[in-house]
Amino acid sequence: MKPEFIRNFSIIAHIDHGKSTLSDQLLLKSGAITERDFHEQVLDDLDVEKDRGITVKARAVAIDYEYEGNIYQLNFIDTPGHVDFHYEVSRSLAACEGALLVVDAFQGVQAQTVANAYAAIEADLEIIPVVNKIDLPVTRIEEVLEEVENIIGLDSSDAIRVSAKQGIGIEDCIEAIIKRIPAPKGDPEAPLKALVFDSKYDHYRGVVTYVRIVEGTLRSKDRIRFMRGETVHDVIEIGQFRPSMEACQSLGPGQAGYIIAGEKELGNIHVGDTVTLQGRQAEEALPGYKQPKQMVFCGMYPIDATDFEKLRYELDRMALNDASFSFIPETSDALGFGFRCGFLGMLHMEIIQQRLEQEADVGLIQTAPNVTYELKLNSGEVIKLDNPADVPESGNIDEFREPIAKVTFILPADKIGAVMQLCADRRGIYFNTEFLGTDRAQLVYELPLAEIIYDMHDKLKSITRGYGTMDYEVIGFRPADLVKLDILVKGTLVEALATIVHRDSSERRGRALVKKLKEEIHKHQFEVALQAAIGSRVIARETISALRKNVTAKCYGGDISRKRKLLEKQKKGKKRMKQFGEVEIPQKAFLSILEAG
Ligand code: GDP
Ligand code: MG
């Protein structure tokens, strides 16, 4: 395929503005899928994506389209919109020359519209604004176009208007892609340079590596070399996603596709690596990607200790498919052998956990998430800390530093006061306000990351009745008066329940936490004392009273079927419990911290 007939672009937008639906239409209009095979969000094929109706992994698909007598190949990438997945988006952008910026015709420019658009501008892409959902009964198309101009600074005079749902305006959109997005450059005769932008593990075929060819040509019989991994393989198959995997003979500059090379060893393939030919090597590797910074950590432990190796294998498989996820083994007095896992944010954590349970069938105990901290010790040494259990004696700490994020809210102007109050309650520092037209505003704050990742988004949604959106970016670490809050269960310290909190809110948090734990931990044959402590000082206490002899009789009178249900429920619940000395603590208790704000 000649590069002049190839176009590479990403589809970017705020969540729910219609990227996946537009991708479906592109597949349909190009004949890549038929009306018969058509079902919504074809590309969202992970179970988690179907369950949640969101895109988590970027997908690269090739379609052919005839325009003015020529066949064009359009390679496009449907990307996730959520703030946790910026990393997926920025990688996709690096593999493209253009981007469709999809904006909802009613909701207009939102926080992630701005963030994604800026990322595309930084990557030097040709951006085509697309106003979607023009079929809605109420739209604000003209205002939306103005927002695109005023907030993002793009010329919106030739924006495309579409309804992805009803298939209106799709041809105009494709014509704009062909006319406005530049063809890829690159010499098909040069030594091969292909950028690894993703990979996944297939149980049958081994590692599938996703590449974009930057220079040279990759052929189906080649012997390839991963420049950073320093491994050599014979290619078994190359191909493209159309949208299912379809083998082909060669891939030239600008084309995206996959390589299967019989690699079975997980961890040998690195996203950002460069593939070249073993016989005819490129002189230097492509720049690759910036390593993303994990900001949220939690422990993951197999409920059944014999599942440890299985869990390691599954985490490896996850990390291969998601370069922004990391893990290292750790041990806990109470939970045994497990892993400390790092994520980009809370949604990312939930998604990985859900994928592990759905795809891997390993029962997990997950400890409460925390952000990463920086400690300056008295010795002058600065250390990173991702586990509250590792906080040294307070006497050894010179400075306790927490991550700070710059948070941008876009919201209805009449909700500014309420959101400012929310930020003030969470130790926010006001930055500025900008009005976007008459009734919407952009508000910028600096907030401790720990105060926003757990529930800020939910709080914002409820305050603004769903109309407010936010985006954030970590800008650095700052000293704060932080302390480790310990939890003692029946007199024993349970490290896995420890958290790091601000001193001013420690008593309130401690009280709320033991109260919540009291609800989550069931009664035992004996009394169970729950205590929250800072150092040796107990700041809150609750007691779970001892069980009476016959639970079911007491709780449920004589109804036999309800009794049986209760017992079954207890049995099921047991699967996700851990024994701490004499006390059983269920999985949910570990997450109490999130609800005991
Ligand atoms: P994404 O998060 O950007 O990938 O958004 P989706 O493609 O998943 O779409 C989000 C929601 O908007 C879905 O319920 C779609 O059916 C709906 N939607 C997408 N495009 C249109 C459109 O053109 N008109 C209308 N009325 N709804 C649409
Ligand atoms: Mg989507």
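This table checks each residue for (1) modelled with pLDDT of 85 or more; (2) assigned to a loop (DSSP other than H, G, I, E, B); (3) more than 16 Å from ligand 2 (Cβ to nearest atom).
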position: Gln73; (1), (2), (3): yes, no, yes
position: Phe85; (1), (2), (3): no, no, no
position: Val89; (1), (2), (3): no, no, no
position: Gln107; (1), (2), (3): yes, yes, no
position: Val114; (1), (2), (3): yes, no, yes
position: Ile134; (1), (2), (3): yes, yes, yes
- Message: I need the full set of residues from the range 228-252 which are part of a loop (DSSP other than H, G, I, E, B) and either modelled with pLDDT of 90 or more or among the charged types (D, E, K, R) (or both), in order please.
- Response: Arg228, Glu230, Val235, Ile236, Arg242, Gln249, Gly252
- Query: How do the pairs read when you match residues in the range 111-123 that are farther than 17 Å from Ile77 by Cβ with residues anywhere that are open to solvent by less than 20 Å² (accessible area, probe 1.4 Å) and among the aromatic types (Phe, Trp, Tyr), using Cβ under 8 Å and keeping only pairs 6 or more apart or on different chains?
  - Reply: Ala111/Phe409
- Query: Out of Glu507, Glu473, which single residue is closer than 21 Å to Thr113 by Cβ, open to solvent by 60 Å² or more (accessible area, probe 1.4 Å) and either among the polar types (S, T, N, Q) or in contact (Cβ under 8 Å) with a residue 24 or more places away in the chain (or both)?
  - Reply: Glu473
- Message: Every residue in the range 424-465 that is touching a residue at least 24 places away in the same chain (Cβ under 8 Å), over 24 Å from Met295 (Cβ atoms) and among the hydroxyl-bearing types (Ser, Thr, Tyr), please.
- Response: Thr438, Thr464
- Item | Count - residues of the range 319-362 that are touching a residue at least 24 places away in the same chain (Cβ under 8 Å) and β-branched (Val, Ile, Thr) | 3
- Item | Selection within the range 1-25 - in contact with a strand residue (DSSP E or B) (Cβ under 7 Å, 6 or more places away or on another chain) and under 17 Å from Val103 (Cα atoms) | Phe9, Ser10, Ile11, Ile12, Ala13, His14, His17, Gly18, Lys19, Ser20, Leu22, Ser23
- Item | Qualifying residue in the range 48-62 (condition: modelled with pLDDT of 70 or more and either surrounded by fewer than 23 Cβ atoms within 10 Å (Cβ to Cβ) or within 15 Å of ligand 2 (Cβ to nearest atom) (or both)) | yes
- Yes or no: Gly31 buried (at least 24 other Cβ atoms within 10 Å of the Cβ), away from ligand 2 (no atom under 11 Å from the Cβ) and either in a loop (DSSP other than H, G, I, E, B) or at pLDDT 70 or above (or both)? no
- Query: Taking the condition exposed (fewer than 15 other Cβ atoms within 10 Å of the Cβ), farther than 21 Å from Phe241 by Cα and of a type outside the set (Asp, Glu), does Lys179 pass?
  - Reply: yes
- Which of the strands (runs of 3 or more DSSP E) contained wholly in the range 421-532 include at least 2 residues that are touching a Phe, Trp or Tyr at 6+ places or on another chain (Cβ under 7 Å)? 429-436, 440-448, 469-479, 482-489
- Quick one: which residue in Lys293, Lys310, Lys264 is open to solvent by 60 Å² or more (accessible area, probe 1.4 Å), modelled with pLDDT of 90 or more and within 27 Å of the chain's Cα centre (by Cα)? Lys310
- Message: Given the criteria in a loop (DSSP other than H, G, I, E, B), touching a strand residue (DSSP E or B) at 6+ places or on another chain (Cβ under 8 Å) and within 22 Å of Leu335 (Cα to Cα), does Ala368 qualify?
- Response: yes
- Task: Take the range 213-227 and flag every residue that is in a strand (DSSP E or B) and open to solvent by 20 Å² or more (accessible area, probe 1.4 Å).
- Result: Val214, Glu215, Arg219, Arg223, Arg225
- Task: Evaluate the range 153-165: report whether one residue or more is touching a helix residue (DSSP H, G or I) at 6+ places or on another chain (Cβ under 9 Å), of a type in the set (Ser, Thr, Tyr) and either away from ligand 1 (no atom under 16 Å from the Cβ) or part of a loop (DSSP other than H, G, I, E, B) (or both).
- Result: yes
- Message: Exactly one of these conditions fails for Gly169: (1) within 16 Å of ligand 1 (Cβ to nearest atom); (2) surrounded by fewer than 18 Cβ atoms within 10 Å (Cβ to Cβ). Give me its number.
- Response: (2)
- Filter the range 1-28 down to residues that are touching a Cys at 6+ places or on another chain (Cβ under 9 Å), more than 8 Å from ligand 1 (Cβ to nearest atom), part of a helix (DSSP H, G or I) and within 28 Å of Gly186 (Cβ to Cβ), then give me how many there are. 1
- Within the range 302-323, is even one residue of a type in the set (Ser, Thr, Tyr) and in a loop (DSSP other than H, G, I, E, B)? no
- Looking at the range 1-10, which of its residues are within 16 Å of ligand 2 (Cβ to nearest atom) and in contact with a Phe, Trp or Tyr (Cβ under 6 Å, 6 or more places away or on another chain)? Phe9
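The values are calculated or read from the model by the stated rules, or taken from the named source; none is laboratory data. These figures come from a predicted structure and were not determined experimentally. Note: ideal-geometry Cβ built from the backbone for every residue, glycine included; neighbour counts use all protein chains shown. Areas reflect the complete protein model, heavy atoms only, side chains present, ligands, DNA and RNA absent. Shrake-Rupley method; radii C 1.70, N 1.55, O 1.52, S 1.80 Å.
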